[in-house]
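The values are calculated or read from the model by the stated rules, or taken from the named source; none is laboratory data. This is a predicted model, so every value here is computed, not measured. Cβ coordinates were reconstructed from backbone atoms using ideal geometry, including for glycine residues, and neighbour counts include every protein chain displayed.
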Amino acid sequence: KNQVEQSPQSLIILEGKNCTLQCNYTVSPFSNLRWYKQDTGRGPVSLTIMTFSENTKSNGRYTATLDADTKQSSLHITASQLSDSASYICVVTFSGGYNKLIFGAGTRLAVHP
Amino acid sequence: DAGVTQSPTHLIKTRGQQVTLRCSPKSGHDTVSWYQQALGQGPQFIFQYYEEEERQRGNFPDRFSGHQFPNYSSELNVNALLLGDSALYLCASSFTKTSEQYFGPGTRLTVT
């Protein structure tokens, strides 16, 4: 079954600290993996996208890694800011159909001053 | 260049009623996908429209139906609303030859 699992479910960190979010997937075949940031009540916004041949992708203070052999990805946030408080969703594209997106449940991050 | 837009922003309906949500895709996009996101959960795929036809569908009952117009905009209709239909409904658009989907701000539906 094609699934995406994220951990932790929620996380609280202090402003300025770093954190790492995890994503494990069983989607096969897959064409790419994305990390989205979703503010409460808003639509998801893409942070990074990686194909199966890419190991790392950065977007400012966000760095995503991908290990296609172990089917694991991580999102590292450096020097967190209060505005980083949001849900972070890992999304894997199932390439066996019409590029169907398989979503994780997300990690809810709270950055406290 | 306008991104994906959705209307209305918020909606309150009574159980048993019907609702129509609307989505206008990003300029140049021809494919529209709809998702339901319950509070604290990831989005769940409802269906996708391309060339005015439903191309693929998730695990949702027939109460959920849609339509795509010649200008690529789309509607999501939900009949016989249940309390469990309360959620954020997201529309995402893409160009059929790529998988990059851009999400709209969502419509918050509350069923009482």
### Task
Answer yes or no: is there a residue in segment B:36-49 that is more than 9 Å from chain A (Cβ to nearest Cβ) and more than 24 Å from A:Val92 (Cα to Cα).
no
### Task
Could you list all residues from segment B:1-20 that are over 14 Å from the mean Cα position of the chain (by Cα) and either in a loop (DSSP other than H, G, I, E, B) or closer than 13 Å to B:Asn79 by Cβ (or both)?
B:Asp1, B:Ala2, B:Gly3, B:Lys13, B:Thr14, B:Arg15, B:Gly16, B:Gln17, B:Gln18
#### Entry: When residues of segment A:15-53 are limited to those that are closer than 18 Å to A:Leu101 by Cβ, touching a Leu at 6+ places or on another chain (Cβ under 9 Å) and surrounded by fewer than 18 Cβ atoms within 10 Å (Cβ to Cβ), the one farthest from the other protein chains (Cβ to nearest Cβ)
A:Phe52
### Message
Give me the residue from segment A:54-91 that is more than 14 Å from every other protein chain (Cβ to nearest Cβ) and hydrophobic (A, V, I, L, M, F, W, C) and, out of that set, farthest from A:Asn24 (Cα to Cα).
### Response
A:Leu82
### Message
Among the residues in segment A:70-79, are any under 21 Å from B:Ser94 (Cα atoms) and surrounded by fewer than 22 Cβ atoms within 10 Å (Cβ to Cβ)?
### Response
no
### Query
Do we have B:Gln101 as surrounded by fewer than 20 Cβ atoms within 10 Å (Cβ to Cβ) and within 12 Å of chain A (Cβ to nearest Cβ) here?
no
### Task
Could you list all residues from segment A:93-113 that are within 24 Å of B:Gln101 (Cβ to Cβ) and either out of contact with any Gly (no Cβ under 8 Å at 6 or more places or on another chain) or surrounded by fewer than 16 Cβ atoms within 10 Å (Cβ to Cβ) (or both)?
A:Thr93, A:Phe94, A:Ser95, A:Gly96, A:Gly97, A:Tyr98, A:Asn99, A:Lys100, A:Leu101, A:Ile102, A:Thr107, A:Leu109
### Message
Quick check on this structure: which one of B:Glu100, B:Glu75 is at pLDDT below 95 and not small (Gly, Ala, Ser)?
### Response
B:Glu100
### Residue selected from segment A:34-73 under the condition assigned to a strand (DSSP E or B) and of a type in the set (Val, Ile, Thr), by the criterion nearest to B:Ala38 (Cα to Cα)
A:Val45
### Task
Could you please let me know if B:Gly40 is loosely packed, with under 15 Cβ neighbours inside 10 Å and without any contact (Cβ under 8 Å) to a residue 40 or more places away in the chain?
yes
### Query
Considering segment B:63-111 alone, what residues qualify as being assigned to a loop (DSSP other than H, G, I, E, B) and touching a Lys or Arg at 6+ places or on another chain (Cβ under 8 Å)?
B:Ser73, B:Asn79, B:Ala80, B:Leu81, B:Leu82, B:Pro105, B:Gly106
